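Below is one structure, written out as structure tokens; the observations come after it.
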Amino acid sequence: MSGESERPLRADARRNRDKILTAAVRVFAEEGLNAHLERIAKEAGVGTGTLYRNFPTRELLIEAAYRNELARLCEAAPDLLAALPPQEALRAWMGRFIDYASAKLGMAEALRAVVESGVNPYAQSREMLLSTLKLLLDAGVAAGVIRSDLGPDDLYAALAGVALSTGRPEQRKQAERLLDLTMDGLTTIRP
């Protein structure tokens, strides 16, 4: 693992790390496991030495890229709730979930290689997602705009189904329609 757990990164080092992770998600999603790390470094605007200092192995880079996307998704919920009404925040987050799931599907081959190396990049993923969905649903229930008889696991199953069936970029319009349909099912009935 990189030295990041030992001491905080400088601001410029944090920016470089974030750029590497963002580029890695995109490149692994496009090219799969055989993506060239030099291309990731170039797209991130850093040298290969910077990439390898942060991520000495391909598996560490893949795992970190996946976990970073998950963290970004989950950390977006409080900001969305602060900026939007609960129902709109939930719908906006659902769109971000499809982005996350699409990246994860694109990285499937690379993530399998990480699992085969003995690392579980998915540890705590479900719990993080369910906790985030609970936060969003609870805000909607408290505002009286989301049904109270559905739990985060119900919505997670629905979102996973939408993502699996329409997770490719060319299917995005259909995914958006299905998310709207899901929102219709979540909202309270108004007279």
Exercise. In debye, nearest 20: dipole of the chain around its Cα centre with unit charges on the Cβ of K, R (+) and D, E (-)?
Worked result: 400 debye
Problem set entry | Cα-based helix-to-principal-axis angle, 11-31 vs the chain, degrees rounded to 10 | 80 degrees
Problem set entry | Degrees, to the nearest 10: 125-142 long Cα axis against longest axis of the chain | 30 degrees
Exercise. What spacing in nm lies between the two simple spin-label points modelled at E38 and E127, each 7 Å away from Cα in the Cβ direction?
Worked result: 4.2 nm
Problem set entry | C-alpha long axis of helix 172-186 to longest principal axis of the chain, angle in ° | 40 degrees
Problem set entry | Cα-based reach from K19 at 19 Å (exclusive), listing aspartates and glutamates while leaving out same-chain residues under 8 positions away | E4, E30, E31, E38, E43, E59, E63, E69, E75, D99
For this session: Determine, for R39, R26, the number of other Cβ atoms within 10 Å of each Cβ, and report the residues in order from fewest to most.
Result: R39, R26
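Compute for the chain: radius of gyration divided by Kirkwood radius, i.e. Rg/Rh, restricted to C-alpha atoms, rounded to two decimals. Numbers along the way, then the final one.
On the way: Rg = 18.1 Å, Rh = 17.8 Å.
When Rh is taken as the Kirkwood radius, the ratio is 1.02.
Coordinate-derived values only; no laboratory data. The structure displayed is predicted, hence computed values, not measured ones. Positions of Cβ are backbone-derived with ideal geometry, glycine not excepted, and every protein chain shown enters the neighbour counts.
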